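The values are calculated or read from the model by the stated rules, or taken from the named source; none is laboratory data. Worth saying up front: this structure is predicted, and the values here are computed from it rather than measured. Cβ atoms come from the backbone with ideal geometry, glycine included; neighbour counts cover every protein chain shown. Each accessible area value is taken on the protein alone, full model and side chains, heavy atoms only, with ligands, DNA and RNA left out. Shrake-Rupley method; radii C 1.70, N 1.55, O 1.52, S 1.80 Å.
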Amino acid sequence: MHDFPFEHVFDQHTTQQEVFSTVAQPVILSCLEGYNGTIFTYGQTGSGKTYTMSGGETYAERGVIPLTLGCIFEEFRRRPGMVYNAYISFLEIYNEHGYDLLDRDHGNVPLDQWPKVTLFEDDFGNLHLRNLSIHQITCEEEGLDLLFLGNVNRMVSETPMNQASSRSHCIFTIAIEGREANSDIVRTSKLHLVDLAGSERVQKTQIDGSILREAKYINLSLHYLEQVIIALQEKANGVRSHIPYRNSMMTSVLRDSLGGNCKTVMIATLAADIENLEESISTARFAQRCSMLTNEVTVNEQVDMNLMVQRLERENEALKKELQDALSGLHTGALVQADTQLTDNDKKSLANSIQQFINDPSPDSVLPVKTVVEAQLCFRELKMRLIALEEANFKEVATMKQTLEAYERDVEHLMHVFRSKELEKPSSNDAQLQTSRQQQQPLEHHSQPMLPRQRDVSNKPQEHSGYRPPLSNGFATAHVSGFAETNLVATREKSIQTDELNVDSMSDTTTSSMGRDPIRQRSDREITTASEIVTYSPGQPIQKKSSSMFGCFSASKKRPKPLQRTMV
């Protein structure tokens, strides 16, 4: 009784699509991300290795390789932001010699005249295959055509175990290059799809001739493959350090797949017949050894120098064009239309940067711009904001001026009202003068006959006979002793209001007779106006003296000296 652990077991009713989805598809998706991958089949002859890898005669029986081609190009279409390139090579190892199955001249040339594929290593330890062609494909159909061409050129013979037995090992390799758009970092990966020839017991099959010779080389190469697997296990346990990859061409080609940077999956095919029990147990043991291996995988990234040179050349041309446009704009005074060269997202991001630059109180803040177009757009935006700020300030200043003018008009109106009220009130000096006159009334009662009241030229109504208008900027007083008469000069200042009030100069303002004497009036009067001084006496002609109110009063509006008393 033998017990072998496996991840999945498929019976004879399992479809090709189920095997592909479970085993191959995860490895393929990893290859698109930049990881190397290997899928190979191992088993005795006639157990279904070629059927699993290449498929049968119908579309539903497509194997791992055709389904892999369809899956790869389907993933290419699902990733529009990536740029992929796919390349195919098909290597056959027959009797420890390598041949290119994609050479179209092989159909007309015998096998011994085919050019052989040779191996060599460079100074960095990388393995290269000479005389092996690589074909770029752009669709699934091109890859299938190359697969069919290789299967036609592959060495197949009839044996007692299989009518169309593969007498060689075949490695179908798909190289994938992927990069993001406008990037010069390339991810490369290799996917090896290996269809190994089946092992067979010579004494059991009773073969001879060329078929026997082919079986010897097949069994020898599979023996070297098992040695490599065992050496890798011992190296992992610290027992040995050397791995015999160079013992056969197959192990040399699959060196990275077995113990290097690669995700490897093995499909072990078994024959369910009782007579093939020993071969099935041997195959299960080999698969168990392979399952114990551990590989360290990393993404294969490198900078493509050609893409870098092309990118730098494009950037150089773009900078030259921007410089030329900027210089032409400076010479002609025209602004490059940034709106047509920047997207909406670029403009929004640039507006946010401008706002952050304005809000930053630091004097060392920098506005990030990358191109001349962005710089011009920044200058234009700042200019528009400055113009809007100046217009707002102008409107605010105009509003403040209007408010100030309204305040000035209100103040002038209040001053006018105040002055009018002051003119209506008798002053304290006038009250004292009136009292003194009343005290002197008996002395002057029968002095002179009463004269008729003089007419008030200013047409200002008088509230009572003793009313005397106050003097605003100065006044002259008259002192009376006995029957003396004093020439009084009443002065009034001309009040001029340019906007609202224009008050005529007060002229010919007569003073009331002292003590309200109806018999005697003063003999002389002087009336002072803004334009002239009029002196008159009863019975005498009127005398006019041209004068100005500013001739009587100084610019500082000091009160004039009182007039000298004149005795008559």
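Here are the numbers for the structure shown:
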read-out: Mean Cβ count within 10 Å, highest first, over the residues of peptides 219-226, 8-15, 31-38, 274-281; value: 31-38, 219-226, 274-281, 8-15
read-out: Given Lys347/Lys401; Lys190/Lys370; Lys49/Lys216, the pairs whose alpha carbons are separated by over 31 Å; value: Lys347/Lys401; Lys190/Lys370
read-out: Per-residue SASA entry for Lys395, accessible area with 1.4 Å probe, Å² rounded to 10; value: 140 Å²
read-out: Gap separating the Cα centres of the range 285-318 and the range 30-62, nearest whole Å; value: 24 Å
read-out: Linear extension gain, Ile134 paired with Glu33, 0.36 nm per residue minus alpha-carbon span; value: 34.2 nm
read-out: Low-density loop positions, chymotrypsin sites (Phe, Trp or Tyr not before Pro), the range 57-138 - DSSP coil, at most 15 other Cβ in 10 Å; value: Phe124
read-out: Portion, in percent, of the accessible area of the range 47-152 that falls on carbon or sulfur, probe 1.4 Å; value: 51 percent
read-out: Where GluC sites (Glu not before Pro) fall in DSSP loop in the range 284-313, at most 12 other Cβ within 10 Å; value: Glu296
read-out: Arg314 paired with Glu396, simple spin-label distance in nm, labels 7 Å along Cα-to-beta-carbon; value: 4.9 nm
